[in-house]
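Participant: Here's a structure for you.
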Amino acid sequence: MLINIKRANINALDAFLTEIAESSVQPTLRAKAYRCLFESKFVWAEGMTWQWIDKAYGIRRSVPVLKERIIDTKRPFLENLKMATIDRSPIVRRIAGEMLIKELDHIGDEAFRLAKILASDTSLSVSERGRYALADLEKRR
């Protein structure tokens, strides 16, 4: 019975993912919600397993076991990207820069404007992503 309850509630937060991304107090939670919206999937660590590095010497390391679940996103990618670009946290804006670079071919004319916003950011990790996107867009012209 517990398994059925757990499976029934597995997608309970899907409908609220956009709201979590926009209004959560914790920046890391907003960043995770935006990443889920961008990639249309949830990814989580479900445990750890051992991976051999060198069997002859008995050297191994612990690596996470990742699981994922595909989700339906209702808001368009570009709209999420615009919201993440102007978020108050550099953690979220850094993910916006990463997704901008990843999807430069598919964004179109809006990519240049978003790259300029990110390039002028006060956070170094965000601005370097914006500058990279601008340089890549300039090469394509």
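The values are calculated or read from the model by the stated rules, or taken from the named source; none is laboratory data. Note that the coordinates shown come from a computational prediction; the quantities given were computed from them, not determined experimentally. Because the Cβ atoms are built from the backbone with ideal geometry, glycine has one as well, and the counts that use them run over all protein chains shown. Heavy atoms of the whole protein, side chains included, go into the accessibility calculation; ligands, DNA and RNA do not. Shrake-Rupley method; radii C 1.70, N 1.55, O 1.52, S 1.80 Å.
Participant: Examine the range 29-46 for a residue that is on the phi > 0 side of the Ramachandran plot and either touching a Phe, Trp or Tyr at 6+ places or on another chain (Cβ under 6 Å) or modelled with pLDDT of 90 or more (or both), and state whether such a residue exists.
Facilitator: yes
Participant: Out of all the residues in the range 28-67, which are aliphatic (A, V, I, L, M) and open to solvent by less than 60 Å² (accessible area, probe 1.4 Å)? Break it down stepwise before answering.
Facilitator: Here is the first cut: in the range 28-67, the residues aliphatic (A, V, I, L, M) are 29, 31, 33, 37, 43, 45, 48, 53, 56, 59, 63, 65-66.
Those that are aliphatic (A, V, I, L, M) and open to solvent by less than 60 Å² (accessible area, probe 1.4 Å): 31, 33, 37, 43, 63, 65.
Participant: I'd like to know if the range 107-117 contains one or more residues that are under 27 Å from residue 14 (Cα atoms), open to solvent by less than 60 Å² (accessible area, probe 1.4 Å) and in a helix (DSSP H, G or I).
Facilitator: Of the range 107-117, the ones under 27 Å from residue 14 (Cα atoms) are 107, 114.
With open to solvent by less than 60 Å² (accessible area, probe 1.4 Å) added as a condition, the list becomes 107, 114.
Now restrict to residues that are in a helix (DSSP H, G or I): 107, 114.
The answer is yes, given that some residue of the range 107-117 is under 27 Å from residue 14 (Cα atoms), open to solvent by less than 60 Å² (accessible area, probe 1.4 Å) and in a helix (DSSP H, G or I).
Participant: Looking at 60, 69, 93, which one is at pLDDT 95 or above and not in a helix (DSSP H, G or I)?
Facilitator: On the way: 69 fails: at pLDDT 95 or above; 93 fails: not in a helix (DSSP H, G or I).
Answer to the selection: 60.
Participant: So which residues in the range 31-61 are free of Cβ contacts under 8 Å to residues at least 40 places away in the same chain, within 30 Å of residue 75 (Cα to Cα) and among the hydroxyl-bearing types (Ser, Thr, Tyr), if there are any at all?
Facilitator: Initial filter on the range 31-61 (free of Cβ contacts under 8 Å to residues at least 40 places away in the same chain): 32-33, 36, 39-61.
Keeping just the survivors that are within 30 Å of residue 75 (Cα to Cα) gives 32-33, 36, 39-46.
Answer for the range 31-61, where residues must be free of Cβ contacts under 8 Å to residues at least 40 places away in the same chain, within 30 Å of residue 75 (Cα to Cα) and among the hydroxyl-bearing types (Ser, Thr, Tyr): just 40.
Participant: Within the range 85-106, how many residues turn out to be open to solvent by less than 50 Å² (accessible area, probe 1.4 Å) and touching a Pro at 6+ places or on another chain (Cβ under 7 Å)?
Facilitator: Counting residues in the range 85-106 that are open to solvent by less than 50 Å² (accessible area, probe 1.4 Å) and touching a Pro at 6+ places or on another chain (Cβ under 7 Å) gives 2.
Participant: Condition test on residue 30, is it of a type in the set (Lys, Arg), in a helix (DSSP H, G or I) and closer than 29 Å to residue 97 by Cβ?
Facilitator: On the way: of a type in the set (Lys, Arg): yes; in a helix (DSSP H, G or I): yes; closer than 29 Å to residue 97 by Cβ: yes.
Judged against the criteria, residue 30 is a match.
Participant: Please name all residue pairs, on different chains or six or more residues apart, with Cβ atoms under 7 Å, provided the first residue is in the range 99-128 and is closer than 18 Å to residue 34 by Cα and the second residue is open to solvent by less than 30 Å² (accessible area, probe 1.4 Å) and among the aromatic types (Phe, Trp, Tyr).
Facilitator: 99/38
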